[in-house]
Each structure stands twice: as structure tokens, then as C-alpha cells.
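Read the structure below first, then the notes.
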Amino acid sequence: MIGLIIPGMIAFTSCSDLPQQQISEAEAAIASAQSAGAQTYVPESYFALEDSMKSTMSTITEQEGKFFKSYDESIAKLEAVKSQAAEVALQAEMKKQEIKTNITNMITEVKSSIAESKQLIAEAPKGKDGAPALLAMTGELDALEISLTESNSLLETNELQASLEKATVAKDKAVQINTELKEIMSKYKSAKI
């Protein structure tokens with residue numbers, strides 16, 4: 001009778017249960033990183049995270065095929081995946097904050113450039129050749145202000161890529177207009193001398 005109990009005890013203690021709770025926790029941590037925007041904002045880290053999970057699941061599948069299963073190594077790997085997922089989510093949040101700061105700074109720069117350009121337009125000579133060009137520039141500056149409002153609205157709704165694109169285009173155009181106006185004013189002032 002004892003001869004039957006001991007092998008049964010060995011078989012029972014050697015077969016571990018699938019670490020389903022740890023798998024679910026790791027999957028939830030990955031989903032959290034994904035909802036933080038990791039695929040978009042830190043894609044290399046996110047894909048490395050996915051690779052770690054695939055590797056871990058492969059190890060688990062390997063163990064399922066064995067008679068004497070031991071999921072200790074897999075459980076440790078799942079815990080590492082959870083930690084990695086938390087780090088990736090944090091990286092994504094930090095990258096989003098960095099982009100938000102860049103957009104906010106860019107919007108401020110463009111507003112300043114628009115204000116300077118409007119001041120230059122007010123000071124510019126309004127001869128028959130210059131007036132239409134200055135009017136066109138004023139219209140472009142008004143359009144830039146609308147674009148900045150749209151960029152800011154997109155920023156507030158966390159549509160960061162679209163907001164960044166609008167702000168970048170507005171900045172480039174504002175710099176172009178401002179440069180043109182400075183050249184006009186420089187020519188005007190040197191002609192007066």
C-alpha cells in the first residue's frame with residue numbers, strides 16, 4: 001500500500017498547474033501599456049515587450065507537453081513581463097508628456113512670431129505694390145491663428161500626432177512670413193538712409 005502512495009505523491013507534487021493568474025496579470029499589464037499608447041510613442045520598447053511575452057508563452061507551452069511540469073521559470077518570466085510592461089507604459093506616458101510640452105512651446109513660439117509679424121506689417125510701407133502683399137500676409141497670419149486654435153484643441157483631446165503636425169506646419173509658415181517681413185523692413189530702412 002505504501003508503495004502505491006509514494007509514487008502517487010511524487011506524480012502529484014511534480015505536476016504543477018498552469019500559471020493562469022500570472023498569465024492574465026501579464027496580459028493585463030501589456031494591455032495597459034498598449035492603452036498608454038506604447039505602440040505609437042515607444043514602439044521599440046512595446047515590441048520588445050510583446051517578444052518577451054511570446055517567449056514566455058512558448059516556455060509555458062513547452063512545459064505543458066512534459067509529464068513533470070514545472071512553471072517556476074515561467075512564473076518568474078511572467079513577473080518580469082509585468083514589470084517590463086509597467087516600465088513601457090511609463091515610457092509612453094513620459095514620451096506623450098514630452099510631445100505635449102513640445103507642442104505647447106511651439107504654439108507659444110508661433111503666437112509670438114505672429115504678433116511680431118503683425119507689428120512689422122503695421123510698420124511696413126503701404127505703397128501701391130506693397131499693400132496687396134501685406135494684405136495677403138495678414139490673411140495668412142489669420143489662417144495660422146486658426147490653425148493654432150485647431151492644434152490646441154487636438155492637444156486637449158490627446159490627438160498628439162495631429163496636433164504636432166498642425167503646430168509644425170504653422171511654425172514653418174510663421175517663420176517664413178516673419179523672415180519675409182524682416183527682409184522687406186530691412187530693404188525699406190536701408191532705402192530711407
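The values are calculated or read from the model by the stated rules, or taken from the named source; none is laboratory data. Small disclaimer: the values here were computed from a predicted structure and weren't measured. Heads up, the Cβs are rebuilt from the backbone with ideal geometry, glycines too, and the neighbour counts pull from every protein chain shown. Protein only, heavy atoms only, side chains kept; ligands, DNA and RNA dropped before computing areas. Shrake-Rupley method; radii C 1.70, N 1.55, O 1.52, S 1.80 Å.
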Here the residues within region 154-163 that are assigned to a helix (DSSP H, G or I) and open to solvent by 80 Å² or more (accessible area, probe 1.4 Å) are GLU156, GLN161
ILE146 vs (1) open to solvent by 60 Å² or more (accessible area, probe 1.4 Å); (2) assigned to a helix (DSSP H, G or I); (3) touching a Lys or Arg at 6+ places or on another chain (Cβ under 9 Å): all pass except (3)
I'd like to know if region 148-155 contains one or more residues that are of a type in the set (Val, Ile, Thr) and touching a helix residue (DSSP H, G or I) at 6+ places or on another chain (Cβ under 8 Å). no
- Determine, yes or no, whether ALA33 is farther than 30 Å from THR179 by Cα, in contact (Cβ under 8 Å) with a residue 12 or more places away in the chain and assigned to a helix (DSSP H, G or I). yes
Scanning region 85-140 residue by residue, those over 30 Å from PHE47 (Cβ atoms) and in contact with a Lys or Arg (Cβ under 8 Å, 6 or more places away or on another chain) turn out to be GLU109, VAL110, SER113, LEU120, LEU134, THR138, GLU140
SER151 fails exactly one of (1) modelled with pLDDT of 95 or more; (2) exposed (fewer than 15 other Cβ atoms within 10 Å of the Cβ); (3) not basic (Lys, Arg), namely (2)
Next item on the list: Would you check if PHE47 is exposed (fewer than 11 other Cβ atoms within 10 Å of the Cβ) and of a type in the set (A, V, I, L, M, F, W, C)?
Entry: no
Checking THR13, THR59 in turn, the sole residue that is over 26 Å from ALA162 (Cα atoms), at pLDDT below 95, part of a helix (DSSP H, G or I) and touching a helix residue (DSSP H, G or I) at 6+ places or on another chain (Cβ under 6 Å) turns out to be THR59
When restricted to ALA80, ALA85, the only residue open to solvent by less than 50 Å² (accessible area, probe 1.4 Å), at pLDDT 95 or above and closer than 25 Å to SER35 by Cβ is ALA85
Picked from region 62-77 (must be hydrophobic (A, V, I, L, M, F, W, C) and either touching a Pro at 6+ places or on another chain (Cβ under 9 Å) or in a helix (DSSP H, G or I) (or both)), the residue surrounded by the most Cβ atoms within 10 Å (Cβ to Cβ) is ILE75
Note: among GLU93, GLU109, just one is at pLDDT 95 or above, open to solvent by 70 Å² or more (accessible area, probe 1.4 Å) and either touching an Asp or Glu at 6+ places or on another chain (Cβ under 8 Å) or under 30 Å from GLN34 (Cβ atoms) (or both), namely GLU93
Result of the Cβ filter at 9 Å on region 76-94, keeping first residues that are under 18 Å from LEU160 (Cα atoms) and partners that are surrounded by 19 or more Cβ atoms within 10 Å (Cβ to Cβ) and among the polar types (S, T, N, Q), at least 6 apart or interchain, is GLN91/SER45; ALA92/SER45
